[in-house]
Amino acid sequence: MGNPVKVASRNLNFYYSDFKALEDISIDFEENQVTALIGPSGCGKSTYLRCINRMNDLIAGTRVEGSMVLDGQNIYAPGLDVVSLRRRIGMVFQKPNPFPKTIFENVAYGLRVNGVSDNGLVEERVEESLKGAALWDEVKDRLQTSALGLSGGQQQRLCIARAMAVEPEVLLMDEPASALDPIATQKIEDLIHELKKNYTIIIVTHSMQQAARVSDRTAFFYMGRLIEVDNTKAMFTKPRNRQTEDYITGRFG
């Protein structure tokens, strides 16, 4: 038996106006596992990721059919509180996007927005989050300096700490290392291994090697469809689908 299912979609279709970007996507994401979404550019991976915390709602003319559930509750149900949904499902983007504030205030931001005014608690959560993002030792003596002075890899770990500070249950990562050098990338990958003890992680990556290194399960998308999903080892050694095999072995994409 696997872990309990944390997030799942059933027959999910997604449209940008008349264009159908995702077709009939059904996947289960288990608790405390890392699932990698792979596939060529423009195949729908990032669009799907953004369906999980309703980021696509911010784009005019989009619509969703089918269901996406978190702990069994359809997140597209009428009246669902999207703000509290996004607190439960954190997101880390492709390019680090720290706010032009101090390192401390970047991590504290979500707590303050959510009405946490106890300074002692804020300090505690900031420290915990920076430790959780493997950044504390590098920044503990400069918490009051601008986050924009950090290196790219440090900024990305800061964004992970910022996402963690509000104690989400799921972390979405959209190519979190694509703008980073190999050493910073390795730090992010090591961090993902640590984080899955406490989070369900869904990562979009264009790097097959990265998917093989960090994920427990892999889902292959092509032209807006889910072609195959399986445990990562099986997917990379014995894919069931010819298209998956062609993509993994570099025959296309």
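Scanning the range 224-244 for residues that are in contact with a strand residue (DSSP E or B) (Cβ under 8 Å, 6 or more places away or on another chain) and not aliphatic (A, V, I, L, M) yields Gly224, Arg225, Glu228, Asp230, Asn231, Thr232, Phe236, Pro239, Arg240, Asn241, Gln243, Thr244.
Whenever a residue of the range 208-237 is among the small types (Gly, Ala, Ser), its partners that are in a helix (DSSP H, G or I), lying with C-beta atoms within less than 7 angstrom and at least six residues away or across chains, give the pairs Ala211/Thr232; Ala212/Thr232; Ala212/Phe236; Ser215/Thr232. Using the structure shown, decide if Val64 is surrounded by fewer than 19 Cβ atoms within 10 Å (Cβ to Cβ), in contact (Cβ under 8 Å) with a residue 40 or more places away in the chain and touching a Phe, Trp or Tyr at 6+ places or on another chain (Cβ under 9 Å). Spelling it out, Val64 is indeed surrounded by fewer than 19 Cβ atoms within 10 Å (Cβ to Cβ), in contact (Cβ under 8 Å) with a residue 40 or more places away in the chain and touching a Phe, Trp or Tyr at 6+ places or on another chain (Cβ under 9 Å).
Scoring Leu180 on the criteria (1) assigned to a helix (DSSP H, G or I); (2) without any contact (Cβ under 8 Å) to a residue 60 or more places away in the chain leaves a single failure, condition (1).
Within the range 42-53, does at least one residue satisfy the condition of being within 19 Å of Tyr222 (Cα to Cα), assigned to a strand (DSSP E or B) and of a type outside the set (Phe, Trp, Tyr)? Reasoning before the result, please.
First, pick out the residues of the range 42-53 that are within 19 Å of Tyr222 (Cα to Cα): 42-52.
This time we only want the ones that are assigned to a strand (DSSP E or B), so: none.
No, the conditions are met nowhere in the range 42-53.
Residue count for the range 230-243 under the criterion of being more than 17 Å from Gly2 (Cα to Cα) and either more than 22 Å from the chain's Cα centre (by Cα) or surrounded by fewer than 17 Cβ atoms within 10 Å (Cβ to Cβ) (or both): the result is 7. Got at least one residue in the range 206-213 being more than 20 Å from Val229 (Cα to Cα) and charged (D, E, K, R)? Looking for residues that are more than 20 Å from Val229 (Cα to Cα) and charged (D, E, K, R), one finds none in the range 206-213, hence no.
Just so you know, all these numbers are worked out from the coordinates, no wet-lab data involved. What you see is a predicted model, and the numbers here were worked out from it, not measured in a lab. Backbone-built Cβ (ideal geometry, glycine too); neighbour counts: all protein chains shown.
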